[in-house]
Every structure is written in C-alpha cells, then in structure tokens.
1. Find out how many positive minus negative residues lie around Pro415, taking Lys and Arg as positive, Asp and Glu as negative, among other residues whose Cβ is under 11 Å from that of Pro415.
2. Could you check the simple spin-label distance between Arg615 and Arg464, using points 7 Å along Cα→Cβ, in nm with one decimal?
3. Using the Karplus curve 6.51 cos²θ - 1.76 cosθ + 1.60 with θ = phi - 60°, what ³J(HN,Hα) values do you get for each residue of segment 50-64, in whole Hz, with x for Gly and Pro?
4. What fraction of the Cα pairs in segment 534-598, stated in percent, has a spacing above 18 angstrom?
5. Based on the Cβ-Cβ distance from Lys493 to Val642, what FRET efficiency comes out when R0 is 41 Å, to the nearest 0.05?
6. Would you tell me the accessible area of Glu402, worked out with a 1.4 angstrom probe on the heavy atoms of the protein chains, in Å² to the nearest 10?
7. How would Phe407, Phe282, Phe41 line up by accessible area, probe 1.4 Å, largest first?
8. Per 0.36 nm of contour for each residue apart, how much would the distance between Glu323 and Leu345 grow if the chain were fully extended, relative to their Cα-Cα spacing?
Amino acid sequence: MILYCILSAAINTVTSLLLGFAVLLRRRTANPNLSFVCFAFSVAAWSGFYLLWQLSADAAEALTWTRLLSAAAILVPPAYMHFAFRLTGGSAARAIPSAYAVGILFAISAVSTDWIVSRVAPSAPFPFWPRGGVLYGLYVGYFLVVIAMGLHRLFNARRGASHARKSQIHYVLGGTALGFIGGATNFPMWFEIDVPPIGNGLVAVYVIGVWYAIFRFRLLEVNYLVTKTAAYAFAALPFALLYALVFFGIYLVTQDVLRSITAWLVCAFLLSFLAVIVLPPFRRRMDGVLERTLLKPFFSGRSTLVDLAHEIGGMRDENAIFERTVMRTGQALRTSCAVYVRGDLETVFRMRAKFLMRPEQTMPNAIDEGSAFVQEARHHGRAFVVDEVALNGPDDRLAMLEEKRAFGSGEVVVPVQATGKFYGLLVLGARDRSRVYTDDELSLLDALCIQVGLQIRARQMERRVNQTEKLISLGTLAAGLAHEMRNPLVSIKTFAALLEENQGDPDFKREFAATMMRDVNRIESIIENVAAFAKDRTVAFSWIRLDEVARSACELVRPSIASSQVEIRLELARESLVYGNSNQLTQVVVNLLDNAVQSYRDGQSGIVAVRVQKREQPGASPTMELSVADDGPGIPPEVLPVMFEPFATTKATGDRTRKEGMGLGLAIVKHIVNGHNGVIRVDSTPGRGTTFTVAIPCESTET
C-alpha cells in the first residue's frame, strides 16, 4: 500500500504540473484557463507534499510534510469553485474571494499550529499517519461546503446549455466525482477508521477530466484520442517485448543482476538511438494508415475544407462561391451554416446562402452592424466559439446568448475578411452527434473564409475597373461621335439655310434631297455602329468549330469583293473546337476581312490569307489561333498603339458615301474577343502588309 501511495502521488504530481503548465503556456489569459491553472497547481502541491510524506524517514519530517500537504489541500476547493464559476460564466464577486480568504487562513493554521494536524502515529501499514487537531472537523466541513458550491453551480448551468456545453460540464462533474471519491479515501484513517487510501490514484483522473473539459471544444475529441493512443500502444507493444527479451537474455548470459542492468542500459540506449532513426518514417506510415481507416471520419471533413479553399479560388461568380462554400462546409462538418455579406452600398449583412441540416431550422435573413456576432468577429479577427466568448462577462454573455438563440444554435462564427477588409461572417450551428469544433477545423475555416474574402475583393475591384472602363469608353465615344456627326450635320444645316433662297431651282432641290439622304444614312450608320460597340454581349456559348466559322465568314464577304482584284485563301485546321458564340465570332472574322480588303487601293490586287491552327506552349493552356493576313500597304506605326480604340482608323472619315471608315470595327472585334477570354494581336510593316491574330482558349472558361 505504501508503494501504491508513493506511485500514485508521483503520478498525480507530474500530471497536475504538466497539465497546469500546458494551459498556462497555451492560453493563460482565456477564461476559464487561469482558474484551472490555480486548481492544477494546488493539486500538484498537495500531491508533491503527499509524496514527500510517504518517503519520510522519521516522525518529525513526516509531521512537517503532512502539515504542508494539508495547507495545499485546503486551497483545492476554492480553486475548484473559482474554476466552476469561470467555466459556466457565473459571477461570484464575494463568494470566490471569501473562499480563498478562509482557505488561506486554514492553510496558515495547518502550517503554523497543531489545530489541523496535531501529530503523526503508526497506522498499519503506514509508520507515520497524521491525526487531526481541534479544527480538523471544521477544516473538512469547509472543504466539503466549498466543493458543494462549485458542484451546485455546475448542475445549475446544465439547464438550458447547448449539447456541446452540457457535454463539457458532464466531463467536469464526472472527473470531480472520481477525484473526490478517490481523494476522500485518505480521510477515514485520520479518524482512526481502518479504511486505506485505495482511491488515491483517481486524483490524476480527476485533474485530467477537468482539463479535458476545458479543451474538449478546442484541441481534441475523446474518440480521436482514444483511437490514436490505442493504435500507438499496440504498435509499441513489440518494442516493449524486445526490451524485456534483451534484458532477460543478458541476465541468462551474465547471471549477475548488476552486470545485467548495466549491459541492458547500454543495449537500451543503442535500441532507442536506432528507434529515433527508424520510428519517424514508421510513424508517418502508421498515421497515414490510421487516417485512411480508423480516423477517417476525423480527417474527411478537414480534407474537404482544404479542397474547397482551392476550388473557390478559381471561381468568378460570387453567388456560386457562397452556395458552394456553405454546402460543402455543411456537408463536411455535418452542421447547418449560413454566410452573411454586406454589399457595396448596403448597411446590413444579408444572407447570401445557407445550408440547413434540418428543413424546419431557420436563420435570420440579415444581421445589422450592431450584432454581437459582427462586433466580436471584427474584434476577434478569427473564428471563435460562441460559448467561449460568452464567458467574458455578464453583458457580453447575454448579447452572445441572445444572438445564438436567434440563429437556433449558432456555435461558431468565422469572419469573412481579406487584406484588412471585413466583408461579413460565416455562422455554423451545432454539429450532429454532439461533436465539437477542434482547433484544426477552426484554422481551416479561417483560411477558407479568407479565400472567400479575397474573391469578394477581387469581384469588387473588377466591378470598379469595369465601371471606370465604361466611363472612359463613354468619353471616347462621345468625343468620336461629335467628330463623326459634325460633317453631315454641317452639310444638312448649310443646305437647309440655302433652301429658302433656291426654292425655285429644281437642280438645287435634287442635290439637296440627295445630300440629305446621304448624310442621314451616314448618321444612321454611325448610330448603328456605336450601338453595336456599346451593346451588352452576354450570349449563349457552346462548343463550335473555328474553321467552320472562318469558312462561313469568307462566304459572306466574297460577294462584296467579287469585282475587286483581291483573293481570299484558306488554311484551316479541322481540329479547331473552341467554347464561344458562333454569330459573334463570325462578325469578328467578317470585320477583319473587311479591313484587309479595304486596305488595298482601288484596282490593286492582293491576297488575304485566313488561317486557323492550334497553338500549344509549355506551361500554358492550349489555344486556337485565327489569323487574317494581307499583303497591303500596312498600318503606320503611330496608329498601332490605338488600333482598337473607338474611332481610331486609317481610312478617310470624311468619305460620307460609305458606312466604313469610322474606326469602330476593330473596337467591336476586341470587345467580342475579350468576352471570349481571348486576346487579339496585330503585326504590321508599312509596305508589306498586316496580320491580325485572334487567340481563343480551347477549354471552357465558364464558372
């Protein structure tokens, strides 16, 4: 029994110290962690003095250690009550300081007087067992009352608590029951009742249970821990047997215990050194097997979140991003969730998408700026568990719990943000089977929502750039339109002014009518082309053959060049599938052919080559290239930089007998090519000809 008490005290001391330092180093400022540190260290002090008492060589030494362990033990109840109130978010402004004050008085009395521990005396099988002093009964009564206050607080907190919170409190209650039942077996022998301290080893279970209750939400889950520990223990069994066999073999050879231990220590060092080299690859393999088999439920959801972050990085449609995010997240974590984002000009965060595990569940359609969730998400800057934040104080607690009820069960809130900008939040409900959110999952949710925030920011910037481009285009159109329409309007105005003076002149009337008709047609042509350039060209796309588009465009142009000396030659690849709109691409080819044909002077002969070929480059997506090349006079170098701007042209714009020459043809071409996610290039050498090349992706860019 003495050996059992020594070992159990050592285990209790080491366990309490390790867990206390683990919490202290990880989150010492968070509730209820600091109160747990006080609790763990008080248990460690009691267990440490208990160990020294069991190792005492005489009665005086044993009496000193028993008085110190009694002083440490009396601080355990107020630390436990403090922890219970912090865990449940309760306020006890007077009770906690009062409990600590009384406990400190008892501790001082235990160390400096014989009121708590009067003496030590033999009590089989212990040579130095303590005997209680005059205040020992009061000491025990205080101990039980303070513990009861903490338990009462925990029982009350169970009512109305969420599934996860209730599970957490159950772990504390379970650990408390085991710990105090085990620790209480030390009391009977103080009153000379012959019941040995058989439950002393349960104190470590008590501390572990309370520690786990804190971190159940954040670090690990019991099933995960038990499964992995059991697997590692099973894998370690052969190594343990190997060490035992080595020692037994050495003993059989040497027949001397001291030599056997020495030789075994040398062999153990060599085997351990070998294990350090061999075990890391073995552990990685073992972890991989566990992740694919026994621990698959714990990793499948996490891998889904990682894949989702990569997936939405390539999406362009905001609504699709929101829908995909909540659906995949909800399925991966087995929970309901909704994303709330504020628009560019909105004052509230509106629900953009939701995924509900139960059809009858409801979530608010909008959240205002003053929401507790929004305020905390802005302040926190990362994913947080609502119940943990609710422990900060009575005011925060009420606001958070109210918000949680509005969502049915809002367990976790994740800010949607990027580069310092806050766009909204993702709210997740309680998980099925009362599972909890781990630190790893919260980190993945943070990364996912940052990706969503980056996509929102990218779309906002695109909208602003598009708006700026529209304004620039509008200014360019207005300037070009004024220039183009000035000549026909001046002509009409001049003839209208002369009409009254020449009413009797038939020739003038005929000339006036012809001029009016010509200039009105010119104005009509300008308006049609401007409308064609400014038109929103959102049309249906499908897989089409670019060679057929080029052939069709050539057939449309041939009648207009039948009387000219220009020849069109085709070099078309048959494997020429692209994702686009046939009518729009036909217009592109027709406009390029018209430009090529019109570049030749009247009566000048020439050849226009139309080619379609596939282009593949290392590290780049394959494209289909359509080129229209002529051997005409070329384009002046000073015109090339503005070739695709509206009203930029090399033709005589004052020629009012034709519809061409306004400089909108290439602007329309570029507009269409951009809509197909393609690019257009121009290469021209004066006197040697011009080549326009249109490159369009061979793969679908639809999102």
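The values are calculated or read from the model by the stated rules, or taken from the named source; none is laboratory data. As the structure is a prediction and not an experimental result, all values here were calculated from the model. Cβ atoms come from the backbone with ideal geometry, glycine included; neighbour counts cover every protein chain shown. The accessibility values were calculated without ligands, DNA or RNA, using every heavy atom of the protein model including side chains. Shrake-Rupley method; radii C 1.70, N 1.55, O 1.52, S 1.80 Å.
1. Computed value for this residue: +1.
2. Distance between the two pseudo-spin positions: 3.3 nm.
3. Once θ is set to phi - 60°, the couplings for segment 50-64 become 4, 5, 5, 4, 5, 9, 5, 9, 8, 5, 5, 5, 4, 5, 4 Hz.
4. 42 percent
5. After rounding to 0.05, the efficiency reads 0.85.
6. Counting only protein heavy atoms, the figure is 120 Å².
7. Values: Phe407 0, Phe282 90, Phe41 65 Å².
From most accessible down to least: Phe282, Phe41, Phe407.
8. Length difference between fully extended and current span is 5.7 nm.
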